[in-house]
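Undergrad: Mind having a look at this structure? Questions to follow.
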Amino acid sequence: MSKLGKRLRQVLDDSVQPLGFRTAPQSTGRPMVVIACLTGPDVGVVGRIAGTGIDGIVVREQGGSQSKTLKGLAGSAGATPWGIWGDTATEELVQGVKEAGGDFVVIEAATASAALLQEEELAKLLLADLPSEEKLAGAISDLPVDAVLMRVKSEGTSLTISEVIRCQWLAGLVNKPVLVFATEELSGKDVPSLWEAGAKGVVLQLPPERLEDGLARLLQVVESLPSHARRRAGRRVVIPRLSYDAEEGD
């Protein structure tokens, strides 16, 4: 089974608080998954960030020589799970990832082959392009994917309240870990906000010269998070009221 898939299940299970008098399970790691994203197979960068303790490395492959990319990743990632984010995920790409020792793939609903849903060896992270897919988001729970990826904080922008709301909405709608994909570094206040909204991980894409330092700061913030997200004041369960016409009797 995929190493990243196991880690995602662990993070999701650790975040579930038991009801009644059952003892809460002891956390077995960081409360959020941290994955580094590169726009190309920079072997030197991959080798350096692989030793930082992150949960995975993914390379965005946009054409070019996929065999060269896979060989470079396999040789430099070491024991860190790695995967490919192809511009068009195909069965051939997935087969190449498996043969090279890869662990997971990022797939986009609009371009990936539907046959990839039957893949069982690799973990599958599904990019959900909101808000265009908001009406279909509920169906994601029934798909055989390991996590849902949503975009936040694009390059040159700040995290918005709207993005936090969408994260909380998606996390409450699907029974999969929700990971946020950012192309701008998340601040020490951004991460707790997303964590409390239900995000279970961060996929961070930065230029190679900024990625190592950005990951170090992100890991420091994630490791300082509590094992469970705070309960927001005022959040409550609303029970629908049943009414009947008194004249109709029992």
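Undergrad: Every residue in the range 88-116 that is closer than 25 Å to A137 by Cα and of a type outside the set (V, I, T), please.
TA: Hits for the range 88-116 are A89, E91, F104, E108, A109, A110, A112, S113, A114, A115, L116.
Undergrad: Now a separate question. Which of the numbered conditions does A89 fail, given that it passes all the others? Conditions: (1) in contact with a strand residue (DSSP E or B) (Cβ under 6 Å, 6 or more places away or on another chain); (2) at pLDDT 90 or above; (3) hydrophobic (A, V, I, L, M, F, W, C).
TA: The single condition A89 does not satisfy is (2).
Undergrad: Kindly list, by first and then second residue, each pair from a residue in the range 90-114 that is farther than 17 Å from V58 by Cβ and surrounded by 18 or more Cβ atoms within 10 Å (Cβ to Cβ) to a residue that is at pLDDT 85 or above and β-branched (V, I, T), limited to pairs with Cβ atoms under 9 Å and residues at least 6 apart or on different chains.
TA: none
Undergrad: Looking only at the range 191-206, filter to residues that are touching a strand residue (DSSP E or B) at 6+ places or on another chain (Cβ under 9 Å) and of a type in the set (A, V, I, L, M, F, W, C); which one of those is nearest to V11 (Cα to Cα)?
TA: Among those that are touching a strand residue (DSSP E or B) at 6+ places or on another chain (Cβ under 9 Å) and of a type in the set (A, V, I, L, M, F, W, C), it is A199.
Undergrad: Enumerate the pairs (first residue in the range 1-15 and under 14 Å from K176 (Cβ atoms); second residue anywhere and assigned to a helix (DSSP H, G or I) and of a type in the set (S, T, N, Q)) with beta-carbon separation below 7 Å, excluding pairs fewer than 6 apart on the same chain, so at least 6 apart or on different chains.
TA: The qualifying pairs do not exist here.
Undergrad: Within the range 155-185, track down each residue that is surrounded by fewer than 22 Cβ atoms within 10 Å (Cβ to Cβ) and closer than 23 Å to Q220 by Cβ.
TA: Across the range 155-185, the qualifying residues are E155, T157, S158, L159, V164, T183, E184, E185.
The values are calculated or read from the model by the stated rules, or taken from the named source; none is laboratory data. Nothing here was measured: the structure is a model prediction, and the numbers come from that model. A quick note on method: Cβ atoms are made from the backbone with ideal geometry, for glycine too, and the neighbour counts reach across all protein chains shown.
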